[in-house]
Amino acid sequence: MNFLILAAGTRNKVVQYFKKTFDGVGKVIATDANILGPAIYDADKYYIVPPITEPGYIDIILDICKKEQISGVLSLIDPELSLLAANEDKFKTVGTTIIGSSYDLCEMALDKMQMYEWLKAHGYNCARSWMDKEDFYKAVRAGEVSYPVFVKPCRGSASISISKVYDKETVDLLFTHEDDLMIQEFLNGQEIGADVYIDLISGEVVSIFTKKKIKMRAGETDKAVSFKDENLLALIEKFVTEAGYRGQIDIDIFDIDGKYYISEVNPRFGGGYPHAYESGCDHMKLILNNLQGVANEKNIGAYDEGIYMMKYNEVKIVRK
Ligand SMILES: Nc1ncnc2c1ncn2[C@@H]1O[C@H](COP(=O)(O)OP(=O)(O)O)[C@@H](O)[C@H]1O
Ligand SMILES: [Mg+2]
């Protein structure tokens, strides 16, 4: 039973965790478009593949799945998630299960406005959002929203081009320089991250890990501490079940005066997942169980509070 990690990049720990879990069961194979992607060197075997935008890319991945008898596959980058989901039948034909959510949910995760519309329509607390700045100005005049606000690309990632904005002039300026921006109410509260696994067989949420973000750096959580609140765990379970996510997901949440606001979902292993794993939430094992036809028992909040995560640098040295 072999496992394939696509776009492994710098996610060495994720590769290492899979290797540990699959030890004695099968090989862990990784891909990257770049020969200098460090994580591939932690896998049992690697393939250098073209960028996901190249025609024929999926056929190359399917060939690897066939040749290496891959049971399960996942990607670590957002733009590839929908591509995999769209080709689910082809993967099934070669005997490979995709660890991921539906095409529509992967697409919704890429479009922050679509996400907002869904959250609003289903009654979840979230930041009010506008694509049309004139509509936003109208809301300001009506006293429905006030500065500061958050301006960011509707299909952005990695915190690129995000700004906290204090006045109309700056909103106008940003909109002149960039297309497809959105304006959001500023969420002034404690940022929270959740790592969640939804069983592929039962469809139930079986594991949730939550942490308070202490420090962010370059769009990533740099320092965080685990915590538990039954209300939050219940909210996450309700939201994830209602939306219908599958496999591993990562959620951004804000706590504003005890009220939880859902901000973003990445339907994949998030960059901060090692914190969950090291605190006892081994989602690789849950994936292996599912691939072996075993549904996982619900085990939500199975970790201690007060476990801190601090990121630091590592290097990989390879001789060619
Ligand atoms: N409405 C908001 N209010 C306050 N902070 C925000 C808001 N939206 C985003 N942020 C901050 O910007 C970061 C990146 O925004 P996010 O929507 O998660 O986009 P992405 O992670 O895809 O770049 C968040 O982690 C959070 O720190
Ligand atoms: Mg985010």
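The values are calculated or read from the model by the stated rules, or taken from the named source; none is laboratory data. Just so it is clear, the model here is predicted, and its values are computed rather than measured. Note that each Cβ is placed from the backbone with ideal geometry, even for glycine, and that neighbours are counted across all protein chains shown.
Let's see how each residue does on (1) under 15 Å from the mean Cα position of the chain (by Cα); (2) part of a strand (DSSP E or B); (3) free of Cβ contacts under 8 Å to residues at least 12 places away in the same chain; (4) over 17 Å from A109 (Cβ atoms):
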{"site": "I236", "(1), (2), (3), (4)": "yes, no, no, no"}
{"site": "I253", "(1), (2), (3), (4)": "yes, yes, no, no"}
{"site": "E264", "(1), (2), (3), (4)": "yes, yes, no, no"}
{"site": "K285", "(1), (2), (3), (4)": "no, no, no, yes"}
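Are any residues in the stretch 261-320 over 15 Å from I208 (Cα atoms), out of contact with any strand residue (DSSP E or B) (no Cβ under 6 Å at 6 or more places or on another chain) and of a type in the set (D, E), and if so, which ones?
Once the filter is applied, which keeps residues that are over 15 Å from I208 (Cα atoms), out of contact with any strand residue (DSSP E or B) (no Cβ under 6 Å at 6 or more places or on another chain) and of a type in the set (D, E), the stretch 261-320 yields only E314.
Can you name the number of the only condition in (1) assigned to a helix (DSSP H, G or I); (2) free of Cβ contacts under 8 Å to residues at least 24 places away in the same chain; (3) β-branched (V, I, T) that I35 fails?
(1)
Are there any pairs, at least 6 apart or on different chains, whose C-beta atoms fall under 9 Å, with the first in the stretch 157-183 and within 16 Å of ligand 2 (Cβ to nearest atom) and the second at pLDDT below 95 and not in a loop (DSSP other than H, G, I, E, B), and if so, which?
A158/E220; S159/M216; S159/E220
Tell me which helices (runs of 4 or more DSSP H) are completely within the stretch 90-189 and hold 3 or more residues being within 15 Å of ligand 1 (Cβ to nearest atom), surrounded by 15 or more Cβ atoms within 10 Å (Cβ to Cβ) and within 21 Å of the chain's Cα centre (by Cα), or say none if there are none.
Counting at least 3 such residues, we get 103-110, 112-121.
Out of all the residues in the stretch 256-302, which are of a type in the set (D, E), away from ligand 2 (no atom under 16 Å from the Cβ) and closer than 25 Å to S159 by Cβ?
Within the stretch 256-302, D257, E278 qualify.
Only one of K45, K19 is surrounded by fewer than 17 Cβ atoms within 10 Å (Cβ to Cβ), at pLDDT 95 or above and under 27 Å from H275 (Cα atoms); which?
K45
Where the second residue is polar (S, T, N, Q) and away from ligand 2 (no atom under 12 Å from the Cβ) and the first is part of a loop (DSSP other than H, G, I, E, B) and at pLDDT 95 or above and lies in the stretch 212-229, which pairs have Cβ atoms under 8 Å and are six or more apart or on separate chains?
What qualifies is F227/T210; K228/T210; D229/T210.
Taking the condition of being surrounded by 18 or more Cβ atoms within 10 Å (Cβ to Cβ), away from ligand 1 (no atom under 16 Å from the Cβ) and in a loop (DSSP other than H, G, I, E, B), how many residues in the stretch 266-283 meet it?
To start, the set of residues in the stretch 266-283 that are surrounded by 18 or more Cβ atoms within 10 Å (Cβ to Cβ) comprises 266-277, 279, 281-283.
Pick out the ones that are also away from ligand 1 (no atom under 16 Å from the Cβ) and you get 274, 276-277, 279, 281-283.
Those left that are additionally in a loop (DSSP other than H, G, I, E, B): 279, 281-282.
Counting residues in the stretch 266-283 that are surrounded by 18 or more Cβ atoms within 10 Å (Cβ to Cβ), away from ligand 1 (no atom under 16 Å from the Cβ) and in a loop (DSSP other than H, G, I, E, B) gives 3.
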